[in-house]
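Worksheet: one structure, shown below.
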Amino acid sequence: MPALPLRSMLLAAAATIAAMAPSTQAQEAKPARPAQKARNIILFLGDAGGVSTINAAGILAHDKPQSLFIQSMPHVALSDTSARDKWVTDSAAGMTAIVTGYKTNNAMVSMVPGPDGHPAPVKSLMEYAEQRGLSTGVVTNMPIWDATPAANYAHVAARSNKGDIFAQMLKPRFGNGVDILLGKGLKDAKVAFTAAGTTPEKAFAAAGYKFGEDPALIASSPRAAILRDTDFVPLPAVEATIGQLARNPKGYVLMVEWDMHTDDPRAGMRHVIEMDDMIRRVSAMAGPDTLILFTADHSFGLRMTGGKRDTPLADQYDPAKPGIISVEADHTGEEVIVAASGPGADRVHGFMPNTRLFDIMMAALDWKKDD
């Protein structure tokens, strides 16, 4: 058989390979399914809830390490908490970073120092939500005007400026303002609104809120402002808030703050368990279109320094005696945990700046920053 010319051999080989290969259509990878978009965001903020506090609280409550629901959430990261001007942040700068994506100076609430020296407001996630017609809520066991809740809806250069914070609460820059407000600070509201020539009842009613002290009012009104000066049972209040907000077909953004400062160690660690129970319940009732995040604005000087495993830690611990859990009653600068589940939660991993939490929430909603 005569030898084939080289060109003919190459063409024959190419034809054979082409025949063996799948069709171009089959070779093309199916387009990747787009990541599910979040309809709702629930941000749980443990104020001063550092890793050491969470660890000690879980063992104290359950006598077992890593026993909290938070510690079972599928996506985890560690977040830097430093402020723009200090290594150790306060709640104002810490929460501003989380909900606006900007680091700022301690004491500033959703404002940053401008080039001319004058503070400038920066837009919060909740304001983006209000602008787009979503429902919004703020629930806290701290005063409603305090730095952490205020960073969602107010812009002041000094967190102590209660009068301006209350005024901005009722005169929002976007939308009609936060729909459900629940927190302490009733006495403070009376002082602030009296100075403005009115009362909290009149001011909130004029802004379209059902106003009172009983969290049960939330179930009967899509716009409710509940201010009180005593604690309330958290889980029913949070469930009622979600029930109201979820009626909006566009979705909602909810921030729940629970104080975990351990200058009173037993109270602070009890609040860890209360928030953990909330997150467990909300994770079961929220739909698959809800991004749930837990983090802290800063850590705190609590350390677990002893304890034997053969005896329940609760039986060994006495706040008045050293050796089991010690507390240096001040903020500290180490990273805090971020735990997440739901659409967009896979972006939570590794070490991150606290400002990235804002980017993660915006990306989950498929929103772009204005600037």
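The values are calculated or read from the model by the stated rules, or taken from the named source; none is laboratory data. Values in this document were obtained by computation on a predicted structure and should not be read as measured data. Heads up, the Cβs are rebuilt from the backbone with ideal geometry, glycines too, and the neighbour counts pull from every protein chain shown. The area values use the complete protein model at the heavy-atom level, side chains included, leaving out ligands, DNA and RNA. Shrake-Rupley method; radii C 1.70, N 1.55, O 1.52, S 1.80 Å.
Some notes on this structure:
- Residue among Ile218, Ile226 that is hydrophobic (A, V, I, L, M, F, W, C), assigned to a helix (DSSP H, G or I) and either more than 15 Å from Leu181 (Cα to Cα) or over 17 Å from the mean Cα position of the chain (by Cα) (or both): Ile218
- Residue check, Val109 among the β-branched types (Val, Ile, Thr), under 17 Å from Asp370 (Cα atoms) and within 19 Å of the chain's Cα centre (by Cα): no
- Number of residues in the stretch 24-62 that are in a helix (DSSP H, G or I), modelled with pLDDT of 85 or more and not aliphatic (A, V, I, L, M): the value is 5.
- Failed item in (1) open to solvent by 40 Å² or more (accessible area, probe 1.4 Å); (2) among the β-branched types (Val, Ile, Thr); (3) touching a Ser or Thr at 6+ places or on another chain (Cβ under 9 Å), with Ile218 passing the rest: (1)
- Residue, surrounded by the fewest Cβ atoms within 10 Å (Cβ to Cβ), within the stretch 130-173, restricted to residues that are of a type in the set (S, T, N, Q) and within 27 Å of Met278 (Cα to Cα): Asn141
- With respect to (1) among the hydroxyl-bearing types (Ser, Thr, Tyr); (2) open to solvent by less than 10 Å² (accessible area, probe 1.4 Å); (3) without any contact (Cβ under 8 Å) to a residue 60 or more places away in the chain, the lone exception for Thr81 is condition (3).
- Odd one out for Pro200 among (1) within 22 Å of the chain's Cα centre (by Cα); (2) open to solvent by less than 20 Å² (accessible area, probe 1.4 Å); (3) not small (Gly, Ala, Ser): (1)
- Of all residues in the stretch 75-91, one or more are at pLDDT 95 or above and in a helix (DSSP H, G or I).
- Number of the exception - Ile180 against (1) more than 15 Å from Ser91 (Cα to Cα); (2) out of contact with any Leu (no Cβ under 7 Å at 6 or more places or on another chain): (2)
- Residue match in the stretch 252-262 (condition: without any contact (Cβ under 8 Å) to a residue 60 or more places away in the chain, in contact with a helix residue (DSSP H, G or I) (Cβ under 9 Å, 6 or more places away or on another chain), open to solvent by less than 10 Å² (accessible area, probe 1.4 Å) and closer than 17 Å to Ile180 by Cα): no
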